[in-house]
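The values are calculated or read from the model by the stated rules, or taken from the named source; none is laboratory data. Everything numeric in this text was worked out from a predicted model, so none of it was measured. Here the Cβ positions follow ideal geometry from the backbone for every residue, glycine too, while neighbour counts run over all protein chains shown.
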Ligand SMILES: Nc1ncnc2c1ncn2[C@@H]1O[C@H](COP(=O)(O)OP(=O)(O)OP(=O)(O)O)[C@@H](O)[C@H]1O
Ligand SMILES: [Mg+2]
């Protein structure tokens, strides 16, 4: 007889081979309705557009037809919700070199995007020295944890309208560096997958320096929309930056580059805010960008206040009057208008 209970029983014979179990046991069937000669349900899959879905749908229809004969079967595919399924873009702020201002750029870019009415998250993925918590003045806060569907999930910390989480919450930074590496990738996965990020337009990831495990994990396991590469105008910095940029561009990863940010591009003394001293040459950033074949997104001056604001938990881009803010607004705008 055609009723809901019997349809459930029959669907237990439909096996989803990649996971080695039937679609009822795998919780793939939702909103089952049986009416007159009609069977309707949603089939929850990992990814829409996967050819395996069609095989499964056909298998289910065939199995139902074998038992119930001439019935109308309507199966709607629905993508499985993950912690990141409502995150539109992941953006990696990277550089081959330490100390060039990645964290400063990531924090201020997040602020600038938020001011442009975007919903923004910021992940500190630097196991060697998490700095985002201090830049936002939340170093003493811990993300809230609770149980959901038998799993421990976290709620990011919120500051200035930005959702924040640091790898420092998971990796014991008192431990020697050699122990941190293996923990890092699993900590990153936890940050990404076991956190209630909710709806975000942008998730900005502050990367550690270099081209290590964290970079590979992020690039290979997540849909990164693009990278922002940070450099300073010195040639020594650029050699490393070039290597990092090549890594993202490489065929295996194929992550587009939004462009280059030249940090510490010129010096502006605090008592002469209109002066610009280009210590390493005015065109250096543009030349580097040309060599990489990417746009120069912006030039950030050396200003004492950036470092001060970083230390006291108020990113300078929050100050509407600062010329640094304008530079970051411009960078945010270029990213919002990027054509990929
Ligand atoms: N434009 C700037 N003007 C003045 N100080 C700056 C500027 N950019 C960064 N700094 C300072 O330089 C130091 C290094 O910056 P930051 O931590 O952002 O670099 P990083 O590339 O993230 O470093 P790491 O590789 O250690 O993660 C910080 O003390 C920061 O406040
Ligand atoms: Mg940093």
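Hey, any hits in the range 115-128 for a residue that's modelled with pLDDT of 95 or more, in a helix (DSSP H, G or I), out of contact with any strand residue (DSSP E or B) (no Cβ under 9 Å at 6 or more places or on another chain) and not assigned by TED's automatic domain parsing to the domain that holds residue 330?
no
Output the residues belonging to the range 232-287 that are within 16 Å of ligand 2 (Cβ to nearest atom) and farther than 18 Å from residue 212 by Cα. Step through it out loud before you land on a result.
First pass over the range 232-287, keeping only residues within 16 Å of ligand 2 (Cβ to nearest atom): 232, 237, 240-241, 244, 261, 263-264.
Of everything in the range 232-287, those that are within 16 Å of ligand 2 (Cβ to nearest atom) and farther than 18 Å from residue 212 by Cα turn out to be 232, 261, 263, 264.
If the requirement is being surrounded by 15 or more Cβ atoms within 10 Å (Cβ to Cβ) and in the same structural domain as residue 324 (by TED's automatic domain parsing), which of these qualifies: 294, 236? I'd like the intermediate steps shown before the answer.
Numbers: 236 fails: surrounded by 15 or more Cβ atoms within 10 Å (Cβ to Cβ).
It is 294.
Please specify each residue of the range 200-223 satisfying the condition of being more than 16 Å from ligand 2 (Cβ to nearest atom), touching a strand residue (DSSP E or B) at 6+ places or on another chain (Cβ under 9 Å) and either within 19 Å of residue 330 (Cα to Cα) or at pLDDT below 95 (or both). Spell out how you get there, then give the answer.
Narrowing the range 200-223 to residues more than 16 Å from ligand 2 (Cβ to nearest atom): 200-203, 213, 216-217, 219-223.
Those still in the list that are touching a strand residue (DSSP E or B) at 6+ places or on another chain (Cβ under 9 Å) too: 200-203, 219, 222-223.
The answer is 201, 202, 203, 219, 222, 223.
Just one of 65, 60, 83 is farther than 30 Å from residue 234 by Cα and in a loop (DSSP other than H, G, I, E, B); which is it? Let's see the steps before the verdict.
On the way: 65 fails: in a loop (DSSP other than H, G, I, E, B); 60 fails: in a loop (DSSP other than H, G, I, E, B).
So the residue among 65, 60, 83 that is farther than 30 Å from residue 234 by Cα and in a loop (DSSP other than H, G, I, E, B) is 83.
Quick grid of which residues meet (1) farther than 22 Å from residue 130 by Cβ; (2) assigned to a helix (DSSP H, G or I):
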{"residue": "311", "(1), (2)": "no, yes"}
{"residue": "325", "(1), (2)": "yes, yes"}
{"residue": "329", "(1), (2)": "yes, yes"}
{"residue": "334", "(1), (2)": "yes, yes"}
{"residue": "339", "(1), (2)": "yes, no"}
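Looking at the structure I just gave you, is residue 331 under 16 Å from residue 104 (Cβ atoms) and at pLDDT below 95? First the steps, then the outcome.
Details: under 16 Å from residue 104 (Cβ atoms): yes; at pLDDT below 95: no.
No: the conditions fail for residue 331.
Give the residue, chosen from 106, 92, 112, that is outside any loop (DSSP other than H, G, I, E, B), over 14 Å from the mean Cα position of the chain (by Cα) and crowded, with 22+ Cβ neighbours inside 10 Å.
Values: 106 fails: over 14 Å from the mean Cα position of the chain (by Cα); 92 fails: over 14 Å from the mean Cα position of the chain (by Cα).
Going through 106, 92, 112 in turn, the sole match is 112.
Which of the residues belonging to the range 8-49 are touching a helix residue (DSSP H, G or I) at 6+ places or on another chain (Cβ under 7 Å) and not in a strand (DSSP E or B)?
Correct list: 10, 11, 13, 14, 18, 23, 24, 26.
Could you say whether any residue in the range 285-299 is closer than 30 Å to residue 158 by Cβ and either part of a helix (DSSP H, G or I) or without any contact (Cβ under 8 Å) to a residue 40 or more places away in the chain (or both)? Spell out the reasoning first.
Within the range 285-299, the subset closer than 30 Å to residue 158 by Cβ is 297-298.
Now restrict to residues that are either part of a helix (DSSP H, G or I) or without any contact (Cβ under 8 Å) to a residue 40 or more places away in the chain (or both): 298.
Yes.
Please state which of the following conditions residue 50 fails to meet, knowing it meets all the rest: (1) surrounded by fewer than 12 Cβ atoms within 10 Å (Cβ to Cβ); (2) free of Cβ contacts under 8 Å to residues at least 24 places away in the same chain; (3) not assigned by TED's automatic domain parsing to the domain that holds residue 137.
Residue 50 satisfies every listed condition except (1).
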